[in-house]
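The values are calculated or read from the model by the stated rules, or taken from the named source; none is laboratory data. Owing to the predicted nature of the structure, the values given are computational and were not obtained by experimental measurement. Cβ sites come from the backbone with ideal geometry, for glycine too, and all protein chains shown count toward neighbours.
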Amino acid sequence: MRHLLGIKELSAEQIEMLLNTATNFKEVINRPIKKVPSLRDITIANVFFENSTRTRLSFELAEKRLSADTLNFAASNSSVKKGETLLDTVENILAMKVDMVVIRHASVGVPHFLAKRVKANIINAGDGTHEHPTQALLDAFSVRERLGEIAGKRIAIIGDILHSRVGMSDIFLFQKMGAEVMVCGPSTLIPKHIDALGVKVSHNVREALEWCDVANVLRIQLERQQIKYFPSLREYSLYFGINKAMLDSLSKPIVIMHPGPINRGIELSSDAADSEHSIILDQVENGVAVRMAVLYHLAENR
Ligand code: CP
């Protein structure tokens, strides 16, 4: 592993290794002294061309817990605004003796483009609608933590599948780890021929909730929607929104996940997001340990 570009490129053994290392790092970050010296000779730049709260802070904290030096770059207040290209921006950051680049970009394939052109390790922190591999890894870690194992479990991914990089990475990851995956949402928000990936497809949220052990509820990504995919948010919420009464009425236990940020009251009500079914804040906590594991293994192979 020289780069982490997507879950598609990882084997089940590599995923297992990352999750096992993350288990060790979770123990470390719950100690009174949360730091280890593993990456003290490494400098990492977090290069974000799109907004982020969880991923950017979680990478930064993971780097600090591993004693790496970190730089944070946000395109919105940089010389990108004066017309500097992506490659020039990254080459200039690397000229300052940076070893690894964590990159988030609105365009699909940017991490792959950089991995072919620069010497640093590249970590994909979300590329357009394509992949968000560390989110899928922390989702898997959180499911394993709550349910004991992933193999044989039923995972429903519910909502805006069409625009979701989390959805795509989760499909690859949960299938590689032996889970069954269903996608559920309005037909306009489910990619045509997605069943070719071996997932079940449903347009009925109640059916999806009854089927699954875990529901990963996705945000409606209005910022990526150039046309109207459903009549109104109110109507979306009426047909595809999930609330606590629905969860409590199921014939079996269910785990609710959401990658964040939540559109409260649209895809998920507050009483469901904050209920005992939800592991949403566990996902955020686990993100630090999972990102530590990714950085640690990439540094090992430098
Ligand atoms: N889950 C996730 O990627 O959240 P942010 O956009 O806040 O990083």
Mind checking which residues of segment 80-126 are within 16 Å of the ligand (Cβ to nearest atom) and outside any loop (DSSP other than H, G, I, E, B)?
V102, I103, R104, H105, V110, P111, I123, N124, A125, G126
Is it the case, given these coordinates, that M17 is of a type outside the set (F, W, Y), more than 30 Å from G178 (Cα to Cα) and surrounded by fewer than 19 Cβ atoms within 10 Å (Cβ to Cβ)?
no
Considering only residues that are near the ligand (Cβ under 10 Å from one of its atoms) and under 15 Å from F49 (Cβ atoms), which ones fall in segment 127-141?
H132
What are the residues in segment 188-214 that are of a type in the set (G, A, S) and closer than 28 Å to D248 by Cβ, if any?
S202, A208
Consider F174 carefully, then state whether it is closer than 26 Å to R2 by Cβ and away from the ligand (no atom under 16 Å from the Cβ).
yes
If a residue must be more than 12 Å from A215 (Cβ to Cβ) and either in contact with a Cys (Cβ under 6 Å, 6 or more places away or on another chain) or of a type outside the set (S, T, N, Q) (or both), how many such residues does segment 253-272 contain?
8
Across segment 47-77, what is the number of residues that are assigned to a loop (DSSP other than H, G, I, E, B), touching a strand residue (DSSP E or B) at 6+ places or on another chain (Cβ under 9 Å) and near the ligand (Cβ under 8 Å from one of its atoms)?
3
Any residue in segment 1-19 that is in contact (Cβ under 8 Å) with a residue 12 or more places away in the chain sitting within a Cβ distance under 7 Å of a residue that is hydrophobic (A, V, I, L, M, F, W, C) and part of a loop (DSSP other than H, G, I, E, B)? List the pairs, counting only those 6 or more apart or interchain.
A12/M177; Q14/M1; I15/M177
Would you say P253 is within 16 Å of the ligand (Cβ to nearest atom), in a loop (DSSP other than H, G, I, E, B), surrounded by fewer than 15 Cβ atoms within 10 Å (Cβ to Cβ) and modelled with pLDDT of 95 or more?
no
G260 passes all but one of the listed conditions (1) surrounded by 19 or more Cβ atoms within 10 Å (Cβ to Cβ); (2) within 16 Å of the ligand (Cβ to nearest atom); (3) not in a strand (DSSP E or B); the exception is number (1)
Can you confirm whether segment 284-300 contains a residue that is hydroxyl-bearing (S, T, Y) and within 30 Å of A120 (Cβ to Cβ)?
yes
Within segment 201-237, track down each residue that is aliphatic (A, V, I, L, M), at pLDDT below 95 and within 14 Å of G265 (Cα to Cα).
I220, L233
In segment 209-249, which residues are under 23 Å from S275 (Cα atoms), touching a residue at least 40 places away in the same chain (Cβ under 8 Å), assigned to a loop (DSSP other than H, G, I, E, B) and not basic (K, R)?
C212, D213, L218, I220
Failed condition for T70, given (1) free of Cβ contacts under 8 Å to residues at least 12 places away in the same chain; (2) under 17 Å from M292 (Cβ atoms), with all others met?
(1)
